[in-house]
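Reading through the structure tokens given below for one structure.
All of the numbers you see were taken from the coordinates with simple rules; none came from a lab. Everything quoted here is computed from the prediction, not taken from an experiment. Because the Cβ atoms are built from the backbone with ideal geometry, glycine has one as well, and the counts that use them run over all protein chains shown.
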Amino acid sequence: MTENNKILIGNDGYVELLETFGDDLTIVNAARVSFNKESTELNDKDKSLINYLAKNNHVSPFFHPQLRFRIKMPIFIAREWYRHTIGFARNEVSRRYVDDTPQVWIPNEFRERDKNLKQGSKKETIQNNEEILEIYQKSVNMSLSCYEILLKHNVAPEMARTILPQSMYTEFIETGSLSAYARLCQLRLDPHAQLEIQEYANAVSKLCLTKFPVGWPVLV
């Protein structure tokens, strides 16, 4: 679901594009400065240049455009997302300072484990899905209840948070170069990536495309 520059994911997650620095012309002029030249309006030659740069792995011009997102995702996804470090800056909501009731990611179904893979899952849903969902929900409710009890007993939020599950949502503001996001999406849109992180990478990719209609497709 899309709301202008915001794509909703599941019941509570989202990717929101806050602002961008530069456009396709920024890429072009970062490259053309080598010849002390500059384009004032994107033309067919500039589009061909962007394609040439990407095709021949001349990546530095793609580092100049920047995008800033606000992202809300479960912690277990965020920790995979944060493995991408080069070209990114992030600031995250901290439960050392925030102690409102957390939101928790609840799946609609649990996929089967693929015994032929060390990681990953099958597309098929487990047979006793409803039963397992109930167990999952009970565990989540218990964690949230214990968290509230700890806070009521004056336990510091920085310690009370340790009982919260990996499925808890977190939010962060992230700024990265166009090149950095292309690298992230190349890896996280791969079919071998976890389905849930693919959904976030797909949202980022769609929003990048709206701002860089020439540069983005040749990168990813």
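Going by how many other Cβ atoms sit within 10 Å of their own, how do TYR82, TYR181, TYR136, TYR14 line up, fewest first?
On the way: TYR82 13, TYR181 28, TYR136 16, TYR14 21.
Ranked by crowding around the Cβ, least crowded first: TYR82, TYR136, TYR14, TYR181.
Checked against a 20 Å cut-off, the cross-linked pairs LYS6/LYS206; LYS6/LYS211; LYS72/LYS123; LYS72/LYS152 give Cα-Cα distances beyond that limit for LYS72/LYS123; LYS72/LYS152.
Decide, for region 85-134, between rounded, prolate and oblate: order the square roots of the alpha carbon gyration tensor eigenvalues as a ≥ b ≥ c, take rounded if a/c falls under 1.5, and otherwise choose prolate if a/b is larger than b/c, else oblate. Oblate, because a/c is 1.5 or more while a/b does not exceed b/c.
Among TYR97, TYR82, ASN108, flag the residue with its Cα farthest along the positive direction of the charge dipole of region 65-125, charges on Cβ as +1 for Lys/Arg and -1 for Asp/Glu. The one lying farthest along the dipole's positive direction is TYR82. Within the chain, the longest run free of exposed loop sites, counting GluC sites (Glu not before Pro) that sit outside DSSP helix and strand states (H, G, I, E, B) and have at most 13 other Cβ atoms within 10 Å, spans 110-220. In region 98-220, inverting the average of 1/r over every pair of distinct C-alpha atoms gives 17.6 Å as the Kirkwood radius. Charge dipole of the chain (Cα centre as origin; +1 on each Lys and Arg Cβ, -1 on each Asp and Glu Cβ, all else neutral): 680 debye, rounded to the nearest 20. With neighbour counts taken as other beta-carbon atoms within 10 Å, the residues ASP44, ASP24, ASP190 rank, fewest first, as ASP44, ASP190, ASP24. Placing +1 on each Lys and Arg Cβ and -1 on each Asp and Glu Cβ, with no other charges, gives region 5-106 a dipole about its Cα centre of roughly 340 debye.
Rg of the Cα atoms in region 111-163, relative to 2.2 N^0.38 Å, amounts to 1.68.
For the chain, dividing the convex hull volume of the Cα atoms by the residue count gives 147 Å³ per residue.
Here the contact order of region 1-152, divided by its residue count and restricted to Cα pairs under 8 Å and six or more residues apart, works out to 19 percent. Between ASN36, ASN91, ASN51, the Gaussian network model of the chain with springs among Cα atoms under 10 angstrom shows the greatest mean-square fluctuation at ASN36. Straight Cα distances below 15 angstrom link LYS138 to the aspartates and glutamates GLU130, with same-chain residues fewer than 8 positions distant left out. Between ILE149, ILE71, ILE106, the residue with the greatest mean-square fluctuation in the GNM of the chain (Cα pairs under 10 Å linked by springs) is ILE149. Would you pull out the residues with amide H under 5 Å of THR170's amide H, same chain only if 5 or more places away, H placed 1.01 Å from N? Under 5 Å from the amide H of THR170: MET73, ILE75. For region 104-213, trypsin sites (Lys or Arg not before Pro) meeting the loop criterion (DSSP other than H, G, I, E, B) and having at most 16 other Cβ atoms within 10 Å: LYS115, LYS118.
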